[in-house]
Amino acid sequence: MPYLLISTQIRLEAGPTMVGDENSDPHLMSILGATKRTMLGNNFCEYYVNDAPRVVLDKLESLGYRVVSMTGVGQTLVWCLHRE
């Protein structure tokens, strides 16, 4: 899985950070220390870590991921990463 999206709410810049969806690589999620949870009202799961996005980005860089793009969507910050 070479692409990965991570995101956080602007008011939560210190974490938690959403690092994957229910189909994400379980091994990668384990390395990041992510836990799977379903938010009230959603019918899907997401992986979260309590770390700030900067910490998650540092961990992913050490695993060979590079930021392809970053944007703000409403009150959410989103990073797209790719691994060769």
* Asked: Pairs, please: C-beta under 6 Å, at least 6 apart or cross-chain, first residue under 21 Å from residue 32 (Cα atoms) and free of Cβ contacts under 8 Å to residues at least 60 places away in the same chain and in the range 62-80, second open to solvent by 80 Å² or more (accessible area, probe 1.4 Å) and charged (D, E, K, R)?
  -> 64/83
* Search the range 10-53 for residues being of a type in the set (Lys, Arg) and without any contact (Cβ under 8 Å) to a residue 60 or more places away in the chain, and hand back the single one that is farthest from residue 65 (Cα to Cα). => 37
* Structure fact -> Taking the range 48-84 and keeping only residues that are under 12 Å from residue 4 (Cα atoms), within 11 Å of the chain's Cα centre (by Cα) and not aliphatic (A, V, I, L, M), one is left with 79, 80
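Could you identify the single residue in 37, 54, 83 that is open to solvent by 80 Å² or more (accessible area, probe 1.4 Å), at pLDDT below 95 and closer than 14 Å to residue 15 by Cα? Show your work before the answer.
On the way: 37 fails: closer than 14 Å to residue 15 by Cα; 83 fails: closer than 14 Å to residue 15 by Cα.
Only one candidate qualifies: 54.
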* Structure fact -> Residue hits (the range 74-84; within 15 Å of residue 17 (Cα to Cα) and out of contact with any Phe, Trp or Tyr (no Cβ under 8 Å at 6 or more places or on another chain)) are 75, 76, 77, 78, 79
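The values are calculated or read from the model by the stated rules, or taken from the named source; none is laboratory data. Quick caveat, the model's predicted, so the values are computed rather than measured. Neighbour counts run over all protein chains shown; Cβ positions are idealised from the backbone, glycine included. What goes into the accessible areas is simple: the full protein's heavy atoms, side chains included, and nothing from ligands, DNA or RNA. Shrake-Rupley method; radii C 1.70, N 1.55, O 1.52, S 1.80 Å.
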